[in-house]
1. So how many residues does the range 146-168 have that are under 26 Å from the mean Cα position of the chain (by Cα), within 16 Å of the ligand (Cβ to nearest atom), farther than 20 Å from Ser270 by Cβ and of a type in the set (A, V, I, L, M, F, W, C)?
2. Can you name the residue in the range 468-482 that is touching a helix residue (DSSP H, G or I) at 6+ places or on another chain (Cβ under 6 Å) and in a loop (DSSP other than H, G, I, E, B) and is also nearest to the ligand (Cβ to nearest atom) among such residues?
3. From the list Gly54, Gly62, Gly106, pick out the single residue that is within 26 Å of Met157 (Cβ to Cβ), within 16 Å of the ligand (Cβ to nearest atom), in contact with a Ser or Thr (Cβ under 9 Å, 6 or more places away or on another chain) and modelled with pLDDT of 95 or more.
4. Considering every residue within the range 303-310, establish whether at least one is free of Cβ contacts under 8 Å to residues at least 40 places away in the same chain, in a loop (DSSP other than H, G, I, E, B), surrounded by fewer than 20 Cβ atoms within 10 Å (Cβ to Cβ) and away from the ligand (no atom under 16 Å from the Cβ).
5. Go through the range 110-120 and give me each residue that's touching an Asp or Glu at 6+ places or on another chain (Cβ under 8 Å) and among the β-branched types (Val, Ile, Thr).
6. Within the set of pairs 6 or more residues apart or between chains, which connect a residue that is buried (at least 24 other Cβ atoms within 10 Å of the Cβ) inside the range 640-667 to a residue that is of a type in the set (Asp, Glu) with Cβ atoms less than 7 Å apart?
7. Pro122 versus (1) within 10 Å of the ligand (Cβ to nearest atom); (2) open to solvent by 40 Å² or more (accessible area, probe 1.4 Å): which is the lone unmet condition?
8. Go through the residues of the range 277-286 one by one and say whether even a single one is over 30 Å from Gly519 (Cβ atoms), of a type in the set (Val, Ile, Thr) and surrounded by 22 or more Cβ atoms within 10 Å (Cβ to Cβ).
Amino acid sequence: MSELVRSSIVDRVAVIEIDNPPVNALSAGVPEGLAAAVERAQQDASVRALVVVGAGRTFIAGADINELERAAWGDDHALPDLHGLLQRIEDGPKPVVMALHGTALGGGLEVAMAGHYRVAVPDARMGQPEVNLGIIPGAEGTQRLTRLVGVEKALDMCVSGKPIAAAEALESGLVDRLIEGDLRTGAAAFAREMAVRRGAPPKTRERTDKLGTAVSNAPLYAAGRELAAKTRRRLEAPLAVIGAIEAAASLPFEEGCRREREIFVECVRSEQCKALVHAFFAERGASRVPDVPKDTPTRDIATVAIVGAGTMGAGIAMASVNAGFRVILIDTTERALEAGMGTIRHNYDSSVKRRRFTPEAVAERVARIRPQVGYGGCEAADLVIEAVFENMALKKQVFAEIDAVAKPGAVLATNTSTLNIDEIAAATSRPESVVGLHFFSPANVMRLVEIVRGRATGRPVIATAMALAKRLGKVGVLVGNGPGFVGNRMMFPYMYEAQFLVEDGATPEQVDRALTSWGMAMGIFAVDDMAGLDVAWRVRRELRQFADAGGRRPLVADRLVEAGRLGQKTGKGWYLYGEDRKPQPDREVIDLIERAAAEAGIHRGRFTDEEIVERTIYALINEGAKILEEGLALRAADIDVIYMNGYGFPAWRGGPMFYADRVGLPAIHAKVAAFHREFGDRWAPAPLLETLATQGKTFNAAERGQTPS
Ligand code: T1G
């Protein structure tokens with residue numbers, strides 16, 4: 001018998017334990033082992049009831065996504081098919097109790113729903129997250145969930161993909177009882193209770209009481225579609241899953257299952273599934289650093305000092321207290337501190353309004369932030385994060401001050417988004433303790449943290465930064481120390497190309513619309529306005545961008561800054577902003593663009609959306625290829641993770657490098673080479689792009705796996 005599934009009999013209850021670390025996924029061997037164990041227990045005369053439980057930290061977290069990935073790329077043998085297992089569980093004469101802890105997700109929840117009863121510990125969570133992988137539940141989940149919780153709740157869970165808490169599962173009928181104390185003991189006791197009930201144990205598939213009628217369900221489907229269109233823009237699976245739920249409510253079980261299967265298989269083969277599965281593994285792969293193994297010792301962090309109470313510092317303070325840390329928030333004046341604490345309170349107030357936090361939880365968090373002028377008490381901090389203005393001289397001064405007060409062993413981090421970490425580290429006596437932690441704004445919301453490795457950054461410091469990102473609920477991606485690191489370095493050519501397009505005849509609005517309809521969360525001009533035009537302006541100076549007079553310089557951005565149009569914060573930038581903060585096109589800007597173009601003798605033309613997307617997105621890809629070649633990113637997938645989590649790149653396109661792979665590098669290269677001929681050196685194809693295109697390879701298969709320098 002497979003060791004993936006173990007059985008024991010305790011007081012006439014067979015306890016079947018699935019043991020497939022780390023998350024008990026239904027990898028090959030698990031469904032077979034489970035089916036055999038169930039069969040044996042059903043036939044064993046000494047057994048009266050069955051309990052199925054997960055070993056380790058969780059119940060089954062779903063089908064094995066490695067197998068799903070193979071299926072997505074065309075291997076039909078890898079398509080999960082759990083029908084036989086589910087039928088065997090449900091049809092047995094003795095009650096089967098599914099005992100849930102950790103997360104019962106996807107195929108895990110589907111297995112659980114085939115059981116006759118479900119019990120759970122109070123902190124267990126259950127969900128059908130398949131839509132996040134571009135698919136729908138593929139093991140009769142849409143059919144059984146709809147029967148257990150009704151159409152409305154099933155729609156909500158399957159469209160959002162969000163798991164629900166055990167208490168909610170109990171209330172909605174997904175779970176029959178919560179078990180306080182030891183799960184196995186409680187589940188076995190429950191199973192014995194159920195074993196003495198008369199008649200065959202209840203089969204989920206035979207339930208019809210919550211299915212509603214065509215008339216009562218119609219508005220629910222309509223609302224589901226509206227929700228999917230609004231919250232899961234451009235994703236196919238959340239819409240597709242509604243079709244499967246409709247089938248559950250309107251067709252006999254077997255027919256509904258067939259319909260679900262058809263939709264499931266169609267989704268598995270989709271482009272979006274490939275991209276989203278890539279995104280799943282890319283995110284988890286990002287924490288692997290070849291020369292910093294998982295067992296590298298990390299430094300303990302309990303207290304975080306943050307220097308600078310501006311928007312960034314305030315956001316980082318919130319992320320830190322949300323993760324349970326104590327925070328010392330430092331600035332040079334009481335006024336700056338008051339403003340920072342004001343931002344924090346304002347943000348938390350809106351979380352309370354949205355019911356994300358209770359007022360008590362917020363009060364407790366705010367109380368863990370100690371605002372103060374100066375570094376007093378800073379020697380208690382395990383981690384100091386500098387979040388001051390993006391100016392090298394200032395950062396050096398702050399680091400010298402931090403160095404003088406921080407305790408030995410403290411991690412010293414800079415939140416610079418573009419500047420040289422080594423130069424900053426050199427202002428201290430301990431460059432091995434210095435690392436970049438490039439948070440994205442708003443730092444309490446955005447998931448990405450670029451972890452910047454300086455020349456001297458120690459391995460334990462990198463391991464600590466990686467662990468910290470995870471503790472903050474963020475994705476940390478290690479990047480090398482080059483101007484703009486990875487994300488911003490790629491963004492500049494993308495942003496400037498958009499500005500050139502505007503000088504050449506497009507409008508900011510047209511460019512932004514082309515990008516958002518292609519899938520970007522925001523257009524680049526709206527992004528620039530949100531960040532503040534002065535940010536890029538300062539970077540242009542600090543990094544001496546365009547110091548080389550040979551290249552094409554953007555003509556408009558500096559003039560907007562000089563005119564005081566700094567973006568949203570001044571009510572105008574590329575766009576005009578009213579109370580609602582929605583960007584409105586501004587004739588003044590168009591006039592300015594037209595004047596600048598005329599003065600420079602630029603002939604203005606028209607562009608299709610496709611041309612706009614190629615000029616901007618291909619600029620991103622070409623720069624990504626250079627970064628990869630220079631070793632500033634460890635792998636193409638890391639660049640994808642950065643763009644999907646920090647720059648609003650659509651996950652269903654898998655990130656810029658994955659997208660390029662899917663378009664085909666020969667086609668991308670040909671276009672970049674054509675732009676090179678047309679526009680000159682800024683479009684010189686990255687040598688890596690050229691090589692891979694010629695060899696018929698892809699970025700993601702050609703991972704370099706070397707340490708960023
Ligand atoms: N298959 C394979 N590997 C998985 C996995 C899975 N389902 N889930 C997690 N892992 C690996 C992950 O790659 C990582 O590996 C390690 O486990 C820890 O994960 C038929 C077809 C369960 C909440 O979508 O949401 O069922 O990097 O770092 O933060 O309808 O993992 O260490 O080598 O994320 O504690 C549906 C996906 C599948 C659940 C744990 N299920 N997983 O979070 O750890 S499709 C899902 C998660 C399906 C059916 C369909 C989370 C987690 P490594 P981690 P974590």
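The values are calculated or read from the model by the stated rules, or taken from the named source; none is laboratory data. Remember, predicted model here, so these are calculated numbers, not experimental data. Using ideal geometry, Cβ is built from the backbone for each residue, glycine included, and neighbour counts are taken over all protein chains shown. Surface areas here come from the heavy atoms of the whole protein model, side chains and all, with no ligands, DNA or RNA. Shrake-Rupley method; radii C 1.70, N 1.55, O 1.52, S 1.80 Å.
1. The qualifying residues number 5.
2. Just the residues of the range 468-482 that are touching a helix residue (DSSP H, G or I) at 6+ places or on another chain (Cβ under 6 Å), to begin with: 472, 475-477, 481.
From what is left, the residues that are in a loop (DSSP other than H, G, I, E, B) are 472, 481.
Working: Leu472: 13, Asn481: 26 Å.
The extreme case among them is Leu472.
3. Details: Gly54 fails: in contact with a Ser or Thr (Cβ under 9 Å, 6 or more places away or on another chain); Gly106 fails: in contact with a Ser or Thr (Cβ under 9 Å, 6 or more places away or on another chain).
Just a single option satisfies the conditions, and that option is Gly62.
4. Step one: list which residues in the range 303-310 are free of Cβ contacts under 8 Å to residues at least 40 places away in the same chain, which gives none.
Within the range 303-310, none of the residues are free of Cβ contacts under 8 Å to residues at least 40 places away in the same chain, in a loop (DSSP other than H, G, I, E, B), surrounded by fewer than 20 Cβ atoms within 10 Å (Cβ to Cβ) and away from the ligand (no atom under 16 Å from the Cβ).
5. Correct list: Val119 only.
6. These pairs meet every condition: Val641/Glu283; Ile642/Glu450; Gly654/Asp640; Gly655/Asp640; Pro656/Asp640; Met657/Asp640; Phe658/Asp640.
7. (1)
8. So the first thing to find is which residues in the range 277-286 are over 30 Å from Gly519 (Cβ atoms), and the list is none.
No: the range 277-286 contains no residue that is over 30 Å from Gly519 (Cβ atoms), of a type in the set (Val, Ile, Thr) and surrounded by 22 or more Cβ atoms within 10 Å (Cβ to Cβ).
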